[in-house]
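A short reminder: the numbers here are calculations on the coordinates, not readings from a lab. Treat the numbers as computed from the prediction; the structure is a model and nothing was measured. Here the Cβ is made from the backbone with ideal geometry for all residues, glycine too, and neighbour counts use every protein chain on show.
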Amino acid sequence: QVQLVESGGGLAQPGGSLRLSCAASGSIHSINRMGWYRQVPGKQRERVATTSSGAVTYYANSAKGRFTISRDNTKNTVYLQMNSLKPEDTAVYYCYANLLITSGNFYNDYWGQGTQVTVSS
């Protein structure tokens, strides 16, 4: 009923930039929080940046000053602009949304399929 489709991952050089996009579609009534998590093999998934419907944003310390999250509520889309990329940013990035479907009573968490970001020279 709900799909989160990511795009924009790929290969970047250290110091370079990438922009991730994630569009939510389906029977969506409203979206509370959207954002991005990332995961590397053998480690837990970690929150990178999120933004709420009230425009409250969160950034991991590793992302502050380099990444910018933004959201287009008219398109149910969230973006992550990543600048000054470092090799340690290499991970699979997952889109996340906490939303209410049209036939639902509670907000639930939904995830995208993940997009690979590799930072290497």
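Straight-line reach from Lys75: taking Cα to Cα under 18 Å and skipping same-chain neighbours fewer than 8 places apart, the aspartates and glutamates in range are Glu6. With θ taken as phi - 60° and the Karplus curve 6.51 cos²θ - 1.76 cosθ + 1.60 applied, the whole-hertz 3J(HN,Hα) list for the range 19-35 is 10, 9, 10, 9, 10, 9, 9, x, 7, 9, 8, 7, 10, 8, 10, 10, x Hz, x standing for glycine and proline. In the chain, the C-alpha radius of gyration followed by the widest Cα-Cα span (Dmax) gives 14.1, 48 angstrom. Each peptide in 48-59, 104-115 receives the mean, over its residues, of other Cβ atoms within 10 Å, and ordering these scores from highest gives 48-59, 104-115.
The dipole here belongs to the chain: it is taken about the Cα centre, uses +1 on the Cβ of Lys and Arg and -1 on the Cβ of Asp and Glu, and is about 200 debye. Here the Debye sum runs over all C-alpha atoms of the range 1-54 as equal scatterers in vacuum, and log10 of I(q)/I(0) at q = 0.13, 0.27 Å⁻¹ comes out as -0.45, -1.23.
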